[in-house]
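Derivation of every value follows stated rules applied to the coordinates shown; laboratory data play no part. Here the structure is a predicted model, which means the values were calculated and not measured. Virtual Cβ from ideal backbone geometry, glycine too; neighbours counted across all protein chains shown.
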Amino acid sequence: MFGRSADVFDRVVGSDEIALDDIAYLPIMAAYRYWDEQRGGNFAPPRRSFRLEELPPRLIPYMAMIDFLGPPLDFYYRFFGGAMAEVSGRELTGKTYYADKIEGYGFVNARLFPILIERKTPMVHRTTWESVRGLRLVTVTLRLPLSNDGMNVDGAVTANSYEIDRTSVRPA
């Protein structure tokens, strides 16, 4: 559906941080509500408390669970949903971003995960991508911190919403 050739990558047109309230209508808010329940009075829940199988099944293919490794900081994709693999053209489950030299996907996370670690709060971004086919894809990503020790962010969950920007579709 959104696949690309192995040697050509889409490019980011723009990425803006948006408020959590701006995504209240999206299915990815179910991930936030569940995350919020699991954290209790802490800033983030431990990874063992965040169980994908307790989320709506239709949401899981649009999610990823990441462990932060290091120093130096690297990202281990513990789980990478099937819809995300289709959009990116890559299966990242079991891969490490820098160590496995993942190219063409994840560079937005590489820029934003360090901010998530520092802030220790959820982040939401709307990113517009221009595909090699001349289409624009809009991705809304919710990034949620995880903490096994209750003090440091050592992982994250992402939930994503994808849509084609129909205003960019060229007539046939």
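Here are a few things to note about the model shown:
- Taking amide H atoms as placed 1.01 Å from N in the peptide plane, the amide H of Asn148 lies under 5 Å from those of Arg47, Asp154, each 5 or more residues away in sequence or on another chain.
- Peptides 48-60, 14-26, 148-160, 89-101 ordered by average Cβ neighbours within 10 Å, highest first: 148-160, 89-101, 48-60, 14-26
- Amide N of the range 10-49 lying under 19 Å from the label point, which is placed 7 angstrom from the Cα of Glu163 along Cα→Cβ: 13-32
- For a paramagnetic label modelled on Ala30 (point 7 Å from Cα along Cα→Cβ), amide N atoms under 17 Å away belong, within the range 59-103, to 59-65, 81-84.
- For the pair Thr96 and Val13 in one chain, pulling the backbone fully straight at 0.36 nm per residue adds 27.3 nm over the alpha carbon distance.
- Taking a ≥ b ≥ c as the square roots of the eigenvalues of the alpha carbon gyration tensor, the range 55-95 is oblate, as a/c is not under 1.5 and a/b does not beat b/c.
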